[in-house]
1. How far apart, in nm, are two points set 7 Å out from the Cα along the Cα-to-Cβ line at GLU258 and at ARG347?
2. Would you mind computing Rg(Cα) / (2.2 N^0.38 Å) for the chain, counting N as its residues?
3. How about the stretch 173-248: which GluC sites (Glu not before Pro) there are in a DSSP loop, with at most 16 other Cβ atoms within 10 Å of their Cβ?
4. Largest first and in whole Å, what are the equivalent-ellipsoid semi-axes of the stretch 104-205 based on the Cα gyration tensor, each being the root of 5 times an eigenvalue?
5. Computed on alpha carbon atoms, what radius of gyration and Dmax characterise the stretch 157-291, expressed in Å?
6. Please state the relative contact order of the chain as a whole percent: Cα pairs under 8 Å, 6+ residues apart?
7. Roughly speaking, what is the stretch gain from ALA315 to ASP117, that is 0.36 nm per residue apart minus the C-alpha to C-alpha distance, in nm to one decimal?
8. Find the centroid of the Cα atoms in the stretch 196-230 and in the stretch 153-184, then give the distance between the two in whole Å.
Amino acid sequence: MNWSARTRAVNSGRLDGEGDPANVPITPASHLGLGYAREDATDTWRAFEAAVGDLEGGHATAFASGMGAVSAVFDLVPAGAEVVVPTDSYAGMRDTLNHAEASGRLRARRLDPRDVDGWLAAAGEADLLWLESPTNPSLVEMPIERIAAAAAASEDPPIVAVDNTFATPLGQQPLSLGADVVMHSATKLIGGHSDLLLGVTVAATERLAEGLRAARRRGGATPGALEAWLALRGMRTLPVRYAAVSATAADLAKRLGEHPAVVAVRYPSLGGGVVSFELTDAASADAFCTHLRLIRHATSLGGVESTVERRAALAGDSHVPAGLLRFSVGLEDPDDLWADITQALERLG
Ligand code: PLP
């Protein structure tokens, strides 16, 4: 049967033998007899990987964090390779590439995610195209399918990797759009409860998956047993959480767009739980954060609780407007969230 993503999120990665427990056990083991966990995998990681791999349509490998997964993807290309990244994208990923460039391991090229022609041209020249869509924090949607097609048509096709953290496999499946590797910070929507750090890659081919597992073996960014178990538990409700936060975020994006104190609103056409909006300047945005009573002034995103952060305050995101707030919408009542937003905006005077 062709079960839907919603059904598969609930059921994939479960044990199905007679008398098996409802949930895979947390296996706290560094070795499995003669097998060493870092070189192999425990049942708990495998169950999480089976579930994510099923939803993304490929071979999944879990890592200790999203950045562990990013580093493993960068490890797929040889020294001196050219990596193209969007100028607007997760700052930690760009920092890792800056470091690899400064130390001479990789060559970096930075392109505006809106510069489609630039990306199509780069597809014929680079070794690794790193896409993020929608981007963090400006929520730019990149044409994954067009860029992947251009990459596939080039003489020496680059690896096309997509950070799918914001869209989740419920919003889009980049492998089905032609990408080679998908990466997630499972810390965010997949885990969904702000109680863990975890990353995962999903490769289109077993050959690429083996490269990523080898990078995990060498780099050592193995997932913790509890984290993998919690992330799998979180994934069971990802479809309903994703639908709920998308509905609330779309509603709040509309209301924000109509508020006179809001300069601009960005919300992706594919949905998702993040809305970015601009107030006039840094001081107003900082004051807004301190006036909030319900929405937490906190970093990270994708939890059941709503959070907001002024991204230009961070060194890695100094390119975004000073008053831009990244708002991660949680599962609270949308009217309560709006009441909190309006009272905080009113107090700006
Ligand atoms: N990719 C995106 C889009 C992110 O937002 C983050 C973290 O904020 C990462 C990657 C890195 O993931 P982690 O914090 O789990 O290492």
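1. 2.5 nm
2. Computed over Cα atoms of the chain, the ratio equals 1.00.
3. Working: sites: GLU206, GLU210, GLU227; in loops: none.
Here no loop site has a sparse enough neighbourhood.
4. Semi-axes, largest first: 24, 14, 14 Å.
5. 18.0, 53
6. Numbers: 734 pairs, mean separation 59.1, N = 349.
Averaging sequence separation for qualifying contacts and normalising by length gives 17 percent for the chain.
7. Working: separation 198, 0.36 × 198 = 71.28 nm, distance 2.85 nm.
Stretched out fully, the ALA315 to ASP117 stretch lengthens by 68.4 nm.
8. Answer, in whole Å: 17.
Only the coordinates and a few stated rules stand behind these numbers; no lab work does. Please read these numbers as outputs of a predicted model, since none were measured by experiment. We place every Cβ from the backbone using ideal geometry, glycine too, and count neighbours over all the protein chains shown.
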